[in-house]
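Visitor: Encoded as structure tokens, here's the structure I'll be asking about.
The values are calculated or read from the model by the stated rules, or taken from the named source; none is laboratory data. Note that this is a predicted model, so its numbers are computed, not measured. So basically every Cβ, Gly included, is an ideal-geometry build from the backbone, and we count neighbours across all protein chains shown. Ligands, DNA and RNA are stripped out before the accessible areas are found, and what is left, the full protein with its side chains, is counted by its heavy atoms. Shrake-Rupley method; radii C 1.70, N 1.55, O 1.52, S 1.80 Å.
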Amino acid sequence: MRCGYRLGRRFGWLWGAYGTSALGTWLAFGAFPLIAIRVLHAGPAEVAALSSVGTAVGAVVAVPLGPWVEFRRKRPVLITTDLARCAALLTIPAAFALGALTFPQLLLVSVVVAAADITFRAASGAYLKTLLPAEDLLVANARFESTTWTTTIIGPPLGGAAIGLLGPVATVVADAVSYLLSALGIRAGGGHEPPPERREAARMRAGDMLDGWRYILADTTLRPLFFNTAAFNALVMATQPLLAVLMLGRLGFAPWQYGLAFAAPSIGGLFGSRLARPLVTRFGQHRVLVVAGALRVLWPVGLAFLGPGAGGLLLVMGVELGLIFCCGVFNPVYTTCRLERTAPDRVARTLSAWTVTTKASTALLTAVWGVLGSLLGPRTAIGLAGVLLLMTPLLLPRRAAEPRSGTQPAPSRA
């Protein structure tokens, strides 16, 4: 991705809004479990429920929102979901100040934030496709990816310092403010958004909620990518609680070492995302997609051999660096391929179905691996996930995508 490649003022505002909300999210990383433990004295079962049930229920709530978003202008939806997340999060410090904070409230807020997050992602993908021509989508997605990893490097250390000085509620306030700033940034972008196509029926039908999945499964390129990314993300994320138990419990790593083990390697994602466009230009989209998708699964199985001390810390950092670098290359390429393969009038439904499935499968496998970790031990369960990950490249597309009939071209940039 070459420096100075301009994508226009409206994309600049959208990019800035994304970076602001991403930084706020990482500043508040781990705030909900900490509030549950320190303020509400919640037990392990309640903390696990906060992490998995909230996401799963939020995904279910978001299912009908995909078709609803499809036939509305996307920019107002983006602003509304940002404001909804801001308002939901602000109820936590308000209740805390009044001494009325409860665990059900934390759970409800996590559901609202998860549903709004899925809706925002669906609307933002559709909005981006109307904003930029097809040849600029990879550059845009690479910039989003590099921003993700940059905020991952910066956010958790700053959030940890803020939690130490001011408590976890303060980082929730920062997260809420970041969504407010994101909404203001998207509104400041201005410009004209083309109206969505009018639907034939005045009311949404029950079958409309399945349109996104039907569209994905009918496409020979989207279908394998869908199953591959859902399986990969779920297996990687399912082992994170077990890795925390192993590192912070049995192996005796300090919390700062645990944070460093995952924050520092994120620089690999920054470099990988910057290489995505040059690699696609030289080798082609399909080859980069398959090679990067296969290389990223080689790393996690190494975590099964994690030991104590400096050697163990270096092992985790090396594994995470390789994994994140490959993901940094793969993610913008696959995101661009997904947008290119999706017709403009189906983007919101398709992305909503995709995100709902990913979040739901992650929540399910996290619960399953929690049970496996109890029965087999954390190290064995982590190794099993690593072995299963080695099989996920079989789900990647086997041949380059052919042009899809009926897919409208994206608008040319002024």
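Visitor: Per-residue HN-Hα couplings for segment 148-155, Karplus 6.51 cos²θ - 1.76 cosθ + 1.60 at θ = phi - 60°, whole Hz, x for Gly and Pro?
Guide: 4, 6, 5, 5, 5, 6, 7, x
Visitor: Sort 13-24, 327-338, 243-254, 297-308 by the packing proxy (mean of other Cβ within 10 Å over each peptide's residues), most packed first.
Guide: So the peptides 13-24, 327-338, 243-254, 297-308, ranked by packing, come out 327-338, 13-24, 297-308, 243-254.
Visitor: What list of whole percents do you get for P(r) of segment 230-279, with Cα-Cα distances grouped in 10 Å bins up to the one holding the largest distance?
Guide: Whole-percent P(r) values from 0 Å outward: 21, 35, 32, 10, 1.
Visitor: Put one equal scatterer on each alpha carbon of segment 90-205, apply the Debye formula with no solvent term, and list log10 I(q)/I(0) at q = 0.11, 0.22, 0.24 1/Å to two decimals.
Guide: -0.58, -1.41, -1.49
Visitor: Per residue, how many Å² of accessible area does the chain show with a 1.4 Å probe?
Guide: Numbers: 18750 Å² over 414 residues.
Ligands and nucleic acids excluded, the result is 45 Å² per residue.
Visitor: Separate question: Show me 268-281, 98-111 ranked by packing, highest mean number of other Cβ atoms within 10 Å first.
Guide: Numbers: 268-281: 20.1, 98-111: 15.2.
So the peptides 268-281, 98-111, ranked by packing, come out 268-281, 98-111.
Visitor: While we're on this one: Calculate what fraction, in whole %, of the accessible area of the chain sits on carbon and sulfur atoms when a 1.4 Å probe is rolled over the protein chains.
Guide: Details: 12740 of 18750 Å².
Roughly 68 percent, rounded to a whole number.
Visitor: Mind sorting out which of [x] 0.98; [y] 1.07; [z] 0.95 is the real Rg/Rh (Cα atoms, Kirkwood Rh) computed from the coordinates?
Guide: [z]
Visitor: For the chain, with only Lys/Arg (+1) and Asp/Glu (-1) charged at the beta-carbon, what is the dipole magnitude about the Cα centre, in debye rounded to 20? Provide the component values of the computation, followed by the final result.
Guide: Working: 36 positive and 18 negative charges, 191 e Å.
Here the size comes out at about 920 debye.
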